[in-house]
Amino acid sequence: MASRNINSVFGEGSVSERTIRWWFEKFRSGDLSLKNEPRGRPRSVLNEDQLRAMVEANPKTAIRGLAADLGVSATTISRHLAAIGKVKKLDKWVADFSMTAFDHRSHIPPYGS
């Protein structure tokens, strides 16, 4: 009913029944704020300095081993290894010195530019 009223004023498809129910529950619980809630990826619980130290102490460590030791998923480890500039070469984690990695992370123009 409420969604029909809102859609008749603001145009068909402006709001869904599910959104109306969510608003109703929010307001009924006493939260009258109209601010948007922050969205996106939750903050990571992984300490990148700790990950870097572990990889540098044992460059042959497997992603699954790191994930088990740190209590996170292998996907999380992979994402953070990329973020700290580590790539697997010849079965060892090493710094990524490719120009694309430098361009992406620090906005340094490639040689000859």
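The values are calculated or read from the model by the stated rules, or taken from the named source; none is laboratory data. All figures in this text were calculated on a predicted structure; none of them were measured in a lab. Methodologically, a virtual Cβ is constructed for each residue, glycine included, from the backbone with ideal geometry; neighbour enumeration extends over all protein chains shown.
Going through Leu46, Leu32 one at a time, which residue ends up being farther than 30 Å from Ser73 by Cβ and of a type in the set (A, V, I, L, M)?
That would be Leu32, the only listed residue that is farther than 30 Å from Ser73 by Cβ and of a type in the set (A, V, I, L, M).
Looking at this structure, is Arg52 basic (Lys, Arg), modelled with pLDDT of 85 or more and touching a strand residue (DSSP E or B) at 6+ places or on another chain (Cβ under 8 Å)?
yes
Which numbered condition trips up Thr61, out of (1) under 22 Å from the mean Cα position of the chain (by Cα); (2) within 18 Å of Val94 (Cα to Cα); (3) among the polar types (S, T, N, Q)?
The number of the failed condition is (1).
Can you give me the ranges of the helices (runs of 4 or more DSSP H) entirely in the range 1-57 with at least 3 residues that are under 30 Å from the mean Cα position of the chain (by Cα)?
On the way: elements: 2-10, 17-28, 48-57.
Answer list for the range 1-57: 17-28, 48-57.
Note down all Cβ pairs under 8 Å where the first residue falls in the range 50-74 and is basic (Lys, Arg), the second is at pLDDT below 90 and surrounded by fewer than 12 Cβ atoms within 10 Å (Cβ to Cβ), and they're at least six residues apart or on different chains.
Lys60/Asp91
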